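The values are calculated or read from the model by the stated rules, or taken from the named source; none is laboratory data. Because the structure is a prediction, the values reported are computed rather than measured. No Cβ is skipped: glycine too gets one built from the backbone with ideal geometry, and neighbour counts run over all protein chains shown.
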Amino acid sequence: MKILYSVLTILLSVAVSYGQFNISGPNYPPSNPITCATNSDITAVNFFDDGGAASDYAPGQTQVVTICPDMTGGTPKIQASFGGTGFSWDVHSSDELRVYDGPTTGANLIGTYNNANSPAGFVAVASWANASGCLTFEFVTDGANEGTGWEANIACVSPPQDMELHIEAFVNNSTTNDLFPLDTGYVDICQGDSVLFVTNPVFPYSLENSGTGYSQNITNVDFLWEFSDGTVGPNNDSVWYVPNGQNGVFVQLTATDLYPHNTSISAKVRISTTPVFNTSGPIEDSVCFGLTTDLIGGVTNSDTSGVNIPPNSFQLGGNYAGLTFLPDGSGNIYTTDINMSGFPAGSVVTSAADVQQMCVNMEHSFLGDLEMWLTCPNGTDVLIFNSYAAGGTYPGGFGGGGTFLGEPNDGFGAPGPGNGYEYCFSSVNNNWGTFATDYQANTIPTGPGAPTAGNTVDPNGIYAPEATFADFAGCPLNGTWTLNVQDSWGGDDGYIFEWGIFFEPSLYPNNETYQNTIVDAFWTPDPTMVSNPANDTVVSVAPPGIGDYLYTFNATDDFGCSYDTTLTLHVLDTLIDVTTFDQSLVCQTDSVLLRSQATGTVEPFDFAWEGGQGTTGVMADTAYFSALENGVFEYPFTVTDGCGFIVNDTATITMNQTLAIDTLIQYMADCGEENGAVSGIGSGFTGTPKYKWKGPGTTLDSITASVWPNKPTGWYYFTIQDDVCIVSDSLFLEQDPPPTASFDANPEFGYAPLDVTFINNSDPATTYYWDFGNGESAIVNNTDDQSTTYLTQGVYTVTLTTEKGACTDDTTRNIVVTLPLIYELPNVFTPNGDGDNDFFTMNVENAQSVELVIVNRWGNLVFESTDINAMWNGEVNNSGTECSDGTYFYTFTIVDLTGQERKEHGFVQLVRDN
């Protein structure tokens, strides 16, 4: 690799005849500098380690070489380039190449370099503080490890000269620099103040100051003043700046010399924030005559109300201030531009909130032919509004007709611009809809001083654009933003005076916030004040008469800016007149309306009734009360006006009801029959009474009579109505209770033939119907016992039915009849196979189950069975060894058909002798 570079180096040297430099020498001190005229090519490979172009550097050495420029034709500096395109660089991390800014190793060290800290190489240039322009190189190798070295470039260069920028700020013709800290600090001003910014640059290495280098002075350096609200100052060493809002503003000054080389410096303008006085003023807007009230101010940390100042931030955006004429009806598109800068490189819009709002100050005499849209630096358009119904750049618009924008000079050849209104548009901060949806509702008359009278669009709100600013997503923030306006009809024209775009402050890399504080506050003295007006928190006032009184609260912030607000206190007179509407009734009711009415000078009037229906107190001019007995009843209430004055009064209910229901009588119905009756008796009639019953039944559900016969049981409702009143009551018509059937059987089970007696336990009834389940029955009209006999086995269901009027009831019982248990046990059997008495068997009849166990004399089991027809053949379990002759013992358990259990035991003789 070193050899290939060496060949390239030879070719270059032959081609351009440049000098060759080596770490091992020779030196080119100030007394013997290199010729810059022949050593200015920064691409030439002309500086090598001690191995030259063909070999690697040697171990264990320290070598120093100095290279200086001649000073012919200016102030050249030596530049050394290692690595990169066309050069090589490989110094082991244990070795070091040291570069000094001067003609000896005693000069300032620029850096120490090897593969560890500069693997790709480096560039070193003599500084402007180094008047010699020389670089000194010291190469130290440790002898342990080596790299291939370097093939580098030495060239004379003329770098740009440093400039020192300084800014001063003078507020409102002040002679004292108000910028603190100096140069890059803040200038704090009030709204409406003007600031003179002045720069006093220093050019330490200019031809004028050092005798070398190139010229730098106040006349040949360009100055660019840029403000974050979009204002751009003139190319001058000073600029007057007047903010048009109350946000902070960044100021950037960029100076560019003839090289061209530029340097920037920034300062900040903090503009006083308007305080919020919305919690200052009287405790109540209106007070009653003769009362003292308090005015609330307050600015200390312990205050809970008064004046406060919202936090502020620095404005980011651009404004273009310059008249743009919108000629009459040509259909051409007129544009005006703002160039944005100061955002980080590559910054783009990410959401609608990034473009906080766009505002345009303009006037035009015919909204109906206008289209307006905004174009971002990458060409993306967003429609602000389209009022041209016939369609121009955009399809048909909403047709705003002859509505003005601002206050124009209307008509052909009108003499110049009128008065502009500022219209703002935002997709996130708007409080109104688009022009298309809201311009008619927001149309107002022009002011009395307008050039032409007419109706214009209200500017006192923020509109939404017809397309969203979110469509700008991906647009660069830096670059040219263009406002486009198209006028498509004749007979009208207009002007754009100024427009601006305002971006989300957090997008700016150096954005910050600030907070003004109140340093002084007081109430302007007034003869109605009865406490010290210098007390900024609470001042008491006692107006001497009715009417309006004005009070002014003043506040001064930490920027020395003064603000005030004037508040109105209304003093009211007091008079209450109460009218009550009493009630006289002849019919009792649970809801009587009482009403009162109040008039006077101080509304509202609050009514409080004692014990209004359903509540403990009713706050209204009406209330409801019960009137359920005769008499005169008074209900007190109070009326309180807006000043707190109270009037007490009473409303009256007079009740005089004579109509009454004296008695309700019922005649009980038979069970299940409609043969009962109800009757009602009243008194106190006025005129002829009318009776009415309502209730259940299979025929009529009501009758207009005092007696209602032939009715079933249930609820009945009785009403008497005379000429003035209605009274009602109710009763429940009862009936004879239904019968209940019940009987016992003795016994309920047994062996046939079985005699059973039935005991009748039923409630009294008219008739009793017996069905004994064996084909026999009986009908009687008393509760005497009944009996029958069951001759055969079976389960017999006995039913008793009782009857009383139209009501019946029945009940049943089962009688179980079985056959008797029969069995026969032999005392000897002869299992010898002769066919006679060969088995031991029980001969059981009428049994449900049998358990049989047989053992020998020693208690050993020889046979067991649960078979009702079990037969033992004399062998062990009927299939084993024959049992010997002798006595055997048995036990058995048997259950008969009624479920009764019987147990017995005994013995049997087994005899095999033939």
Scanning region 705-749 residue by residue, those within 21 Å of residue 770 (Cα to Cα), outside any loop (DSSP other than H, G, I, E, B) and out of contact with any Leu (no Cβ under 8 Å at 6 or more places or on another chain) turn out to be 744, 745, 746, 749
Within region 842-867, the residues that are surrounded by 16 or more Cβ atoms within 10 Å (Cβ to Cβ) and among the β-branched types (Val, Ile, Thr) are 844, 850, 854, 862
By residue number, the members of region 181-220 that are modelled with pLDDT under 90, closer than 27 Å to residue 158 by Cα and surrounded by fewer than 20 Cβ atoms within 10 Å (Cβ to Cβ) are 204, 207, 208, 209, 210, 211, 212, 214, 215
Scanning region 439-459 for residues that are assigned to a loop (DSSP other than H, G, I, E, B) and over 39 Å from the mean Cα position of the chain (by Cα) gives 446, 447, 448, 449, 450, 451, 452, 453, 454
The correct count of residues that are over 19 Å from residue 748 (Cβ atoms), of a type in the set (S, T, N, Q) and part of a strand (DSSP E or B) in region 778-810 is 3
From the option list 131, 124, 116, single residue qualifying as part of a loop (DSSP other than H, G, I, E, B) and under 60 Å from the mean Cα position of the chain (by Cα) is 116
For region 51-82 the number of residues that are assigned to a loop (DSSP other than H, G, I, E, B) and of a type in the set (D, E, K, R) is 2
Note on region 31-40: residues surrounded by 15 or more Cβ atoms within 10 Å (Cβ to Cβ) and part of a loop (DSSP other than H, G, I, E, B) are 33, 39, 40
Scanning region 221-261 for residues that are surrounded by fewer than 20 Cβ atoms within 10 Å (Cβ to Cβ), under 23 Å from residue 129 (Cβ atoms) and not hydroxyl-bearing (Ser, Thr, Tyr) gives 258, 260, 261
Taking region 306-360 and keeping residues small (Gly, Ala, Ser) and at pLDDT below 75 leaves 306, 313, 317, 318, 321, 322, 329, 330, 331, 341, 342
Those residues of region 561-581 which are surrounded by 14 or more Cβ atoms within 10 Å (Cβ to Cβ) and not in a strand (DSSP E or B) amount to 561, 573, 574
- [ ] Kindly establish whether residue 368 is surrounded by fewer than 21 Cβ atoms within 10 Å (Cβ to Cβ) and either of a type in the set (D, E, K, R) or not in a loop (DSSP other than H, G, I, E, B) (or both).
- [x] yes
Got at least one residue in region 83-98 being under 60 Å from the mean Cα position of the chain (by Cα) and part of a strand (DSSP E or B)? no
Scanning region 886-911 residue by residue, those surrounded by fewer than 14 Cβ atoms within 10 Å (Cβ to Cβ) and either at pLDDT below 90 or more than 17 Å from residue 853 (Cα to Cα) (or both) turn out to be 899, 900
Going through region 418-438 in order, the residues found to be surrounded by fewer than 20 Cβ atoms within 10 Å (Cβ to Cβ), in contact with an Asp or Glu (Cβ under 8 Å, 6 or more places away or on another chain) and part of a loop (DSSP other than H, G, I, E, B) are 432, 434
When every residue in region 696-710 that is of a type in the set (A, V, I, L, M, F, W, C) and over 13 Å from residue 676 (Cβ atoms) is compared, the one surrounded by the most Cβ atoms within 10 Å (Cβ to Cβ) is 703
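Yes/no per residue for (1) over 22 Å from residue 261 (Cβ atoms); (2) surrounded by fewer than 18 Cβ atoms within 10 Å (Cβ to Cβ):
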| position | (1), (2) |
| --- | --- |
| 93 | yes, yes |
| 97 | yes, no |
| 107 | yes, no |
| 111 | yes, yes |
| 130 | no, no |
| 133 | no, no |
| 147 | yes, no |
Tell me yes or no: at least one residue of region 481-502 is at pLDDT 85 or above, crowded, with 21+ Cβ neighbours inside 10 Å, among the aliphatic types (A, V, I, L, M) and outside the structural domain of residue 401 (by TED's automatic domain parsing).
no
